[in-house]
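Novice: Here it is, the structure, as structure tokens.
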Amino acid sequence: MTILNEPKSGPDRVHPYIPNSVPAVKAEMLRVAGARSIEEFFADIPADLRLSRPLDLPAPFRSERGLKRHVEGILARNIPAGDVLSFLGGGCYQHHVPAVCDEINGRSEFLTAYGGEPYDDAGRFQALFEYTSMMGELLEMDVVSVPTFDGHQASATAVRMAARHTKRDVVLVAGNALQDKWSVMTNYGRADLEFREVRFHPATGLVDIDHLRAMLDSQVACFYFDNPSCFGTLQAGEDIAKAVHAVGALLVVGTDPGCLGVISPPASYGADIVCGDIQTLGMHMNYGGGQGGFIATHDDEALVMQYPSRLFGIAPTRIPGEYGFGDVAFSRTSFDKRENGNEFVGTAAALWGITAGVYLALMGPSGMRELGVGIMQRNAYAKQRLASIPGVFIPHAGQSHFKEIVVTFDNCGKTVHEINRALRERGIFGGHDLSEAFPSLGQSALYSFTEAHTEADIECLVAALTEAVKR
């Protein structure tokens, strides 16, 4: 849409996409507010907090066609992982997405379902209840939240839940957690939580339990670690849980639900809160945006009351054999208590919860086991083949892995950047560069292998890396 005869700039600029930009409307709003100008309206804001110059923005697009063309040009610069051979991971993964997942989440009753109540929500409450029920079975937990924004947000909320529950303010976090996750957690809790890092062994990729024990005291609210870790390593959790619980703290574990068909869930070794991302469960990579987080606990009322998000339950109606679905303990939320709620709760990734529910229902227990076994087999094969390349080193080769492994290029004198550039020339996306975030690992990259990869794909990678290290 183009606005004709509109001012090019200045206070009387009418913008088609900005509400209340018509001068007459702004004048009426100022009159009601009792201000003679916008400057007077904002006069109580200190001058050093106000921008005294125009924003440095590019010229606006004055037509929908022009804007669309511009955005499409930006998107065209992206190379989708599906168009090349990709081994990127680090939090967003290339998995097979069954066609039924896209079919169901594209239906209007789900795609457009945002808010509302059970009587006008076209099945969203029931769909999310079914999703949380299946997640609870997979996790061996009783209570599962509706999806948060992503897995990092779930981790940040989980440690805040632990802090409220224990009334303590120190959070220990494993040093082998993704740096992006560290950033979200510390940013979210910076006002009233203190975060301390627990070392990991560079040679094994596992948490240093002795260092953890030395850091545990009566001020610690919880210890957070990922299992599998961001390096793909798997760690026995029983000793960690015993040490954490001995000082009255909670154990919070981040996990990949895709591994739980073959690996015992964190609840089995004493996790109090489990969280993670559901992108594994039927979601495309979507430019890194197909994410949704989950939080799960046992049915401990004191802990359940620390959930900030909505929880959906089932109850019988007046009609025998008929059930309804609705909120559980709604008074916990900011919807009820507003600024006095546990945390502010806004838009959630509900559509991805429905998608994950479709995926879990389709796969069933045997399907999830097949998924996990297939990924571990590919991972073990890739680890063996990559280790055979002269100059390539697998630092955690003696550990069990799921989905990801660390590959080091120090022995061949190459940087990860050089290796990845050589791979791109052959139409391959190499591993996620770890050299800056984890300098103790040297020039290392994180390679991801999922059910989407074949033996031929792995052999293609081995051949390309063999050439790259010789350059």
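The values are calculated or read from the model by the stated rules, or taken from the named source; none is laboratory data. These numbers come from a predicted model, not from an experiment. All Cβ positions, even for glycine, are placed from backbone atoms using ideal geometry, and neighbour counts span all protein chains on display. All accessible areas refer to the heavy atoms of the entire protein, side chains included, with ligands and DNA or RNA removed. Shrake-Rupley method; radii C 1.70, N 1.55, O 1.52, S 1.80 Å.
Novice: Among R160, R164, R168, which is under 20 Å from the mean Cα position of the chain (by Cα), outside any strand (DSSP E or B), modelled with pLDDT of 95 or more and of a type in the set (K, R)?
Specialist: R160 is the lone residue from the list that is under 20 Å from the mean Cα position of the chain (by Cα), outside any strand (DSSP E or B), modelled with pLDDT of 95 or more and of a type in the set (K, R).
Novice: Out of all the residues in region 434-448, is one or more aliphatic (A, V, I, L, M) and more than 20 Å from D277 (Cβ to Cβ)?
Specialist: yes
Novice: Could you please let me know if A246 is surrounded by fewer than 17 Cβ atoms within 10 Å (Cβ to Cβ), of a type in the set (A, V, I, L, M, F, W, C) and within 21 Å of A162 (Cα to Cα)?
Specialist: So A246 passes the test.
Novice: Run G413 past the list (1) open to solvent by 30 Å² or more (accessible area, probe 1.4 Å); (2) within 30 Å of R471 (Cα to Cα); (3) among the small types (G, A, S); (4) in contact (Cβ under 8 Å) with a residue 24 or more places away in the chain and report the number of the one that doesn't hold.
Specialist: So the condition that G413 fails would be (4).
Novice: Then there's this: Among the aliphatic types (A, V, I, L, M) and touching a residue at least 12 places away in the same chain (Cβ under 8 Å), is that true of V100?
Specialist: The answer is yes for V100.
Novice: Being of a type in the set (V, I, T), under 24 Å from L250 (Cα atoms) and touching a residue at least 60 places away in the same chain (Cβ under 8 Å) is the requirement here; does I314 meet it?
Specialist: No.
Novice: Any idea how many residues of region 262-299 are outside any strand (DSSP E or B) and either in contact with a Lys or Arg (Cβ under 8 Å, 6 or more places away or on another chain) or in contact (Cβ under 8 Å) with a residue 12 or more places away in the chain (or both)? Talk me through it step by step, then tell me what you get.
Specialist: Here is the first cut: in region 262-299, the ones outside any strand (DSSP E or B) are 262-272, 278-292, 298-299.
Checking which are either in contact with a Lys or Arg (Cβ under 8 Å, 6 or more places away or on another chain) or in contact (Cβ under 8 Å) with a residue 12 or more places away in the chain (or both) leaves us with 262-263, 265-272, 278-285, 287-288, 290-292, 298-299.
Number of matching residues: 25.
Novice: Something else: Considering only residues that are free of Cβ contacts under 8 Å to residues at least 40 places away in the same chain, over 18 Å from F438 (Cβ atoms) and open to solvent by less than 40 Å² (accessible area, probe 1.4 Å), which ones fall in region 150-207?
Specialist: Across region 150-207, the qualifying residues are A156, G189, L193.
Novice: Also, I was wondering about something else. Yes or no: region 369-392 includes at least one residue that is of a type in the set (A, V, I, L, M, F, W, C), outside any helix (DSSP H, G or I), more than 26 Å from F449 (Cβ to Cβ) and over 22 Å from the mean Cα position of the chain (by Cα).
Specialist: no
Novice: Among the residues of region 289-315, count how many are closer than 14 Å to M161 by Cα, open to solvent by less than 30 Å² (accessible area, probe 1.4 Å) and of a type outside the set (S, T, N, Q).
Specialist: Result for region 289-315: 7.
Novice: Could you tell me whether any residue of region 346-354 is over 20 Å from the mean Cα position of the chain (by Cα) and among the polar types (S, T, N, Q)?
Specialist: The answer is no; no qualifying residue exists.
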